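Data first, discussion second: the structure below is written as structure tokens.
Bear in mind that the values in this text are calculations on the coordinates, not laboratory data. Predicted model only: the values in this text are computed from it and were never measured. Note that we place each Cβ from the backbone using ideal geometry, even for glycine, and neighbour counts take in every protein chain shown.
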Amino acid sequence: MAAVVVLSTYFSLALLDSVHFKINPQKKLQQGPVASYVNPYLQDWVDPQLHGKTLSLLDLFTQHLILSTERTYSAPFALQEYSSSIVYTDNGVEQQFKQLQYAGQHLDNPDEIFKDVTIKSIYALVLSFFITLAIWLVHGYFRIKAYIFRDISVKIQPLSWNSFYLALLTVIFVLTWLFYLSHYYHVLGTDKVGQDVLYQSIKAIRTGVMIGLLTTLVMLPLALILGISAGYFKGWIDDIIQYLYTTLNSIPGVLLIAAAVLVMQSILNTHSDWFGSTEERADMRLLFLILILGITSWTGLCRLLRAETLKISQVEYVAAAKAFGLGGFSIIRRHIMPNLMHLVLIALVLDFSGLVLAEAVLSYVGVGVDPTTPSWGNMINQARLEMAREPMVWWSLASAFGFMFILVLAANLFSDRVQWVLDPRAH
Amino acid sequence: MFAYIVRRVLYAVPILIGVNFITFALFFMVNTPDDMARAQLGAKQTTPEMIAAWKQERGYDKPLFVNLEAEGVAQITDTLFTQESIKLFKFEFGQSDAGRQISADIYERMWPSLAIALPTFILGLLTAISVALLVVLFRGTVLDTATMMLAVTIMSISGLFYIIAGQVLFSKLWHWVPISGYQPGIEGIKFLILPILIGVFAGLGTGIRWYRSIFLEEMNKDYIRTARAKGLDEIKVLFRHVLRNGMLPILTGVVVVIPTLFMGSLIMESFFGIPGLGSYTIDAINAQDFGIVKAMVFIGSVLYILGLVLTDISYTIFDPRVKLS
């Protein structure tokens with residue numbers, strides 16, 4: 001039972017994660033003369049230093065992170081720069097660790113940092129506890145109402161709300177803690193040019209999720225249509241589709257992607273006049289990458305669906321439907337598709353986590369997203385070069401891996417859970 | 001048997017032609033020889049004469065598919081597509097941008113790749129199968145749950161993390177093995193241990209889960225119940241029946257991979273500085289050397305198709321139910 005609770009904790013974490021990303025739509029709000037004319041009250045929200053820049057809705061809440069840019073590396077919760085620099089004082093040249101500009105400004109004495117962090121953490125914990133409690137109360141109202149007016153004839157498996165709230169509390173606590181403390185410290189340190197690592201990691205969520213989600217959306221119709229028609233119509237259609245995916249499959253995945261991206265790059269280079277700005281180009285590159293990934297990764301699901309459709313179309317109820325004179329498409333829609341959906345769901349979630357991991361590898365190979373796009377792969381790639389430093393610069397790597405790990409783990413556990421619920425053989 | 005193998009090999013030919021077409025489409029149609037010439041000759045003012053000369057030198061001055069100027073069969077044979085395809089099928093990859101023979105390079109770099117990939121593959125397979133068997137033996141217990149949790153965790157961590165963490169821990173902090181490099185022969189082992197171990201560990205999560213589900217499915221079949229009813233103890237049931245029958249689906253998944261071991265691992269080799277085919281490919285991608293990438297794509301698909309044929313053959317050997325038809 002403990003395992004189920006832990007599993008569903010992560011399951012709800014995954015759910016929360018996905019909701020979290022959807023709530024933060026990266027709507028580009030043009031902060032300029034046009035936007036300030038439309039939204040005068042938005043102007044008060046945005047720091048004057050950021051006016052005229054393209055911002056996302058998420059940036060509104062994290063603008064203090066963009067502004068607090070240091071000069072170079074600094075460790076998490078550090079008050080001083082990571083490397084010493086030469087300072088010209090009255091007594092001549094001196095090596096010293098410079099104070100950070102945006103960390104711990106409110107402290108009188110550097111030794112108080114531990115006490116200060118503890119107090120602020122407790123504050124965040126209490127706050128998040130109350131938020132969770134409020135949600136629990138609101139939810140409880142609806143649960144009681146639903147319980148009173150429930151349909152007695154229908155038996156519903158009770159959901160594990162305890163672990164849900166446990167996970168919710170954890171997530172809210174982590175978010176408030178990060179948000180609150182990031183006003184005073186660099187919670188995850190800063191990178192080479194002094195940007196806050198926390199901000200980068202959060203921005204990279206969008207890239208990772210976009211690659212994962214959009215690619216699965218690109219490949220889903222391909223795999224569904226081709227897989228089912230191969231399995232149902234058989235004959236020459238099956239032969240052609242089998243030939244198609246065996247051919248695509250036989251080219252090593254990374255190489256095919258690399259080749260396609262290389263070609264795309266040289267096209268973009270020769271036609272650099274197509275794009276207005278570098279940002280547009282980076283976005284275009286991301287879209288191309290998603291397209292390429294989608295075209296190369298549908299084969300696995302397609303094969304799975306074909307095999308399953310072959311099996312299902314032998315079953316009696318399909319024969320009965322045929323005997324009733326139902327057309328091919330209605331049989332597929334009514335009898336075959338519903339029986340495939342759990343497979344599709346599991347495969348999609350697994351593909352999603354695979355793609356998030358693949359992004360990092362592709363960025364390392366040099367065929368990933370544009371180097372200017374914030375992504376975990378790019379963060380790892382940049383931080384890797386700093387491994388040789390003594391002592392090591394580890395926080396950039398660690399946070400990129402950490403954020404990626406939580407997302408992928410949640411997705412994997414979610415798909416496990418779905419499989420366990422929907423696949424009768426697993427019991 | 002022989003006729004069967006010949007038929008399987010013949011079946012692979014259209015697939016190879018398809019692969020060839022895709023590579024051709026990628027490298028010549030989307031990115032035309034004119035574009036290539038411009039990219040190669042630099043951004044400076046390139047005259048049409050210079051481009052024509054460059055294409056002439058490489059033999060790229062023919063039309064793509066149909067040569068209208070030629071007559072008869074030559075209409076199809078005297079084209080870029082046919083010319084390039086024949087070159088690929090003869091394994092003539094030409095020269096890289098650095099002026100080296102690609103075929104010779106590939107032959108030379110094959111062995112370091114194999115030195116890593118083969119032990120990783122065998123060790124990984126053995127560990128994953130034995131752990132899966134152990135887990136199946138103790139199914140439903142805490143050990144089972146804990147191992148499965150561990151497997152999901154291993155699966156969810158990026159492969160790059162294992163490499164970086166391994167290098168930092170074993171090479172940088174503890175100085176057990178050199179951080180990267182390669183040396184042929186017995187002395188090279190110290191360079192190979194870390195990448196092999198990391199490769200085995202990184203693949204463990206997926207392997208254990210997959211093999212466990214195969215074994216569990218086998219466990220629920222009737223003949224296992226019969227075996228137990230006969231009074232066989234659990235370990236004998238596991239090794240004599242479950243393992244042997246479970247090997248069939250494992251075989252189909254695994255044999256495909258064997259030929260592609262020659263290709264090496266892209267990231268592993270470049271992180272550990274091993275002069276194998278993987279790092280060769282990465283260097284080529286970074287240098288935008290189309291010749292090498294094209295050659296590697298073709299070799300990779302040939303090896304994969306070889307794997308498919310091998311799978312079919314091994315299936316007929318190990319599963320008496322499959323007829324050679």
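Given a Förster radius of 45 Å and the C-beta distance between A:Met337 and B:Val6 as r, what FRET efficiency does 1/(1 + (r/R0)^6) yield to the nearest 0.05? Once the sixth-power term is evaluated, E becomes 0.65.
The mean number of partner chain beta-carbon atoms within 10 angstrom of a residue's beta-carbon across peptide A:352-359 is 2. Calculated FRET efficiency, B:Glu49 to B:Ser130, Cβ-Cβ distance, R0 = 45 Å: about 0.10 to the nearest 0.05. Per-residue shielding of A:408-420, expressed as the average number of other chain Cβ atoms within 10 Å of the residue Cβ, stands at 2. When peptides A:215-222, B:265-272, A:327-334, B:194-201 are ranked by their average number of other Cβ atoms within 10 Å per residue, the highest-first order is B:265-272, B:194-201, A:215-222, A:327-334. Restricting the calculation to Cα atoms, the stretch A:229-367 yields a radius of gyration followed by a Dmax of 19.7, 61 Å. For the pair B:Lys90 and A:Met284, label points projected 7 Å from Cα toward Cβ lie 4.0 nm apart.
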